[in-house]
Structures are given as structure tokens and as C-alpha cells.
Amino acid sequence: MRRDIRRAGIFLLILLTSCIEQLPSPPEVQPAVPASSTLLLVLNTLSREVSALDLTGDSLLPPPFLRAGRWTNRIHTQGGYLWIVNSGENNIYWMDLNTGSLDTLHVGSGRNPWDARWSERLRRLFVTNWLTHTLSALDPFRDSVLWEVSVCANPEGLVVVYSRVVVACTDYIHGYAHSGIRVVDGHHGTLLDSLSLGANLQEVILDREGDLYVLSTGDYATTPGKLYRLRLDPLRVVDSLMLGGFPGSLFLSPEGVLVIGGFQGGVFRYDAEAETLRTHLSLDDVADVLEWKGKLYLARFSLDVVEVRDTLGNLLQRWSVGDGPLDLEILPPAMISPLNKTESALSPSIDGLAASPYD
């Protein structure tokens, strides 16, 4: 009950503060990190900071590694850039990992940006705006909005496929009655396709074969979580898997394993190629989870820790991080030297995981 009250309080504060437009200083940068390190970045929404675990040296870097904004929601590394989505400030902190330079990209008052994805092909950042039910295309180099279109009620996750943007729609305001997928032209913002699907769609990702995986969280009451596999051209469901509980995070490992977590229902490992459920771990209060080199990394929101477990669920290590760890991201060695503002070229692959040809 205490956890539910806390989550409800955070959600209310996000709504109350989403109309505040602030002009913060760019986030601070941690001193030099060994260039051979792989870092796990931990976005802590309540303490407004990013923690960093050195996975190579097995150590926690002195906090904070980076400053984040009010009610920060997502952290991503894409296209040689680091993006931090700040829902309460209606902006995005971003870093050029080639130069180490920092800047702020403004989304617009009252938007409550939820998630963002960079398209190298189109040279723009796409952002879902939860409160205004819109999708925006932004030019970070000019701090400008190229276009903004109504897409669906309360959009959250998104992915870019060539020049198309696929958006997961929660439809929170209607009790998740009209959840679904929208496909939008990334050039002009026109709606190309739509599909009604599940309840409370929160995440969508793309695999190497071009299939989409969509996570339906459920309604937190009678409709449980479900995983869908979709294809474009035409947009359709080709497979689904009932999960149970109310999962909210979705990650595809370099080995092709889908890792799913949530505040209730446990952690799942699903082999996308073999189409088999490998593992179901009875672990709740998981805001995010990813798998890297045979280990699971779990953001335990209420405990303010990141746990390291093997794929059978055995606890290997526990790191105390900031308050309210919400999102995780891997920063590979190729991006460390630019972060330290030294001369280095970015690799087109991430530690063996080839960059997606669709972005």
C-alpha cells in the first residue's frame, strides 16, 4: 500500500508541475572515466540525478554523474548523443558525445514529454507528449519544434523505423479503452496507419528482423499484461504472449532476449528468436530491467538500489543509487572518451550489438 501511495504521489506531482517552464543550467559532468569502461547509467527521478556504475571496474562512480531535471522520465544514448527527458520541466537535456557539450531542448509548456527517440536519417528528435496527446519533431541544433501533431490519448513509448515513427498509445484518460499503435510519417507528421490493441500500451521496440514488440501493461485491475509481436506493411499482429501482472519495461538484449519487468508481476526473459519463455522471476518493484553479458540489472524503485542478478534470479550485488531509480541505459566504451572531451571516433556498433539500420 505504501508503494502504491508513493507512485500515486509521484504521478500527481508530474501532472502538477508539467506546466512549469524552467531554464536550468546544463547538467554537470563527472570527471574523467576510464576509456575502456562500460557504464550503466541510472536515471533517478526523485533526486534529479544520474548515477553511473562502472561495469568493467565493478564500482559505483561518485554521485552525481550527471544532473537531471524535474520528474525526469527517460534516458537514452542514440546517434552519438545522450538524451534525458524531463517531464516536469517540459524539456530535454542532451549531450553531444563527440564533444561533451551540453544543452537544453525545449518541448513547450504543458506538454509533459514522456519519451524521445533520435532519427539519424531524418536528423530530428521525436517526442511523445503525455498531457497534450501529441507527437513532436524537434531540431535540437536550433532548439526548435519542427511540427507537432495529435496522435492519440496519452502516448508513451515510440520507435523510429526508417522514416516512420511508431507510437504506443496508453489511452489513460478513457480507462485504456482505446489503446493502440499509431504510425506517423516522420517527415511531415501525417498519420499513416493505426491498430487498436491491448490495454495501456507503454513500450514498443524493434528487433533486427524488423518485427515490433509491444508491451501492454494492462489496466492495473482485471486486464493483465501482454506482449505482442507486430509487423508493418500492413500493420498487423503476428503473435502474442500473456504475461500476467502489470509489466512496464521492455528491453532487447544483444543476444535477442526480451527482458520485461514491472512493479507487479515479476521479471520475464523471452527468447524472441525461439519464441519461448526462458525465465519468470518473482521480483516486483522493478521500474526498469536490462540484460548485459549474462547479468540482469534491475532498478528497484522503492528501495533506491540497482540489483545485479544472474539469469536464474540469484542476487550477485546490490548498489545504492539515487532516490527513485526509474530508467537504465548502457554507455559502451566507444562513448566514454568523447564524454571525457578527448578526441575519439564513435563506433557504429555497441559492444557487439550492431546499430539498427532502421534509425
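A short reminder: the numbers here are calculations on the coordinates, not readings from a lab. Because the structure is predicted, anything quoted here is derived from the model rather than measured. For neighbour counting, all protein chains shown are included, and Cβ atoms are generated from backbone atoms with ideal geometry for every residue, glycine included.
Please give the length that would be gained between ASP323 and ASP103 if that part of the chain were fully extended, namely 0.36 nm times their separation in residues minus their C-alpha to C-alpha distance (nm, one decimal).
Details: separation 220, 0.36 × 220 = 79.20 nm, distance 2.41 nm.
So the extension gain works out to 76.8 nm.
Quick one: which residues, 5 or more positions from SER87 or on another chain, have an amide H under 5 Å from its amide H? H modelled 1.01 Å from N in the peptide plane, none for Pro or chain starts.
The list, which skips near neighbours in sequence, is THR72, ASN73.
With charges set only on the Cβ (+1 for Lys and Arg, -1 for Asp and Glu), what does the dipole of region 2-350 come to about its Cα centre, in debye to the nearest 20?
Approximately 280 debye in magnitude.
Taking the alpha-carbon set of region 123-178, what are its Rg and Dmax in Å?
When restricted to the Cα atoms of region 123-178, Rg and Dmax are 11.9, 38 Å.
Please list, ordered by chain and number, the residues whose modelled amide H lies under 5 Å from the amide H of LEU97; skip anything fewer than 5 residues away on the same chain.
Distant-sequence amide H within range of LEU97: TYR81, LEU82.
Could you work out the mean projected area of the convex hull around the alpha carbons of region 2-350, in square nanometres to one decimal?
15.7 nm²
Residues of region 52-86 with the amide nitrogen closer than 18 Å to a label point 7 Å from the Cα of ALA35, along Cα-to-Cβ, please.
Only 56-57 fall inside the zone, counting backbone N under 18 Å.
Can you give the local net charge around ARG236? Use residues other than it whose beta-carbon is closer than 13 angstrom to its beta-carbon, Lys and Arg +1, Asp and Glu -1. Please list the in-between numbers first.
Numbers: positive: ARG229, ARG231; negative: ASP193, ASP211, ASP233, ASP239.
Neighbour charge sum, excluding ARG236 itself: -2.
Report the label-to-label distance for THR223 and SER302 in nanometres (one decimal), using points 7 Å from each Cα along the Cα→Cβ vector.
2.5 nm
Hey, can you grab everything whose amide H is under 5 Å from the amide H of TRP147? Only 5+ residues off in sequence or another chain; H modelled, so Pro and N-termini drop out.
ALA137
Hey, could you get me the Stokes-Einstein D for region 183-256, Kirkwood radius over alpha-carbon pairs, 37 °C and 0.692 mPa s, rounded to whole µm² s⁻¹?
Value of D from the Cα-based Kirkwood radius: 247 µm²/s.
So how far apart, in nm, are the two label points at SER163 and GLU275 if each is 7 Å from Cα heading toward Cβ?
Distance between the two pseudo-spin positions: 3.3 nm.
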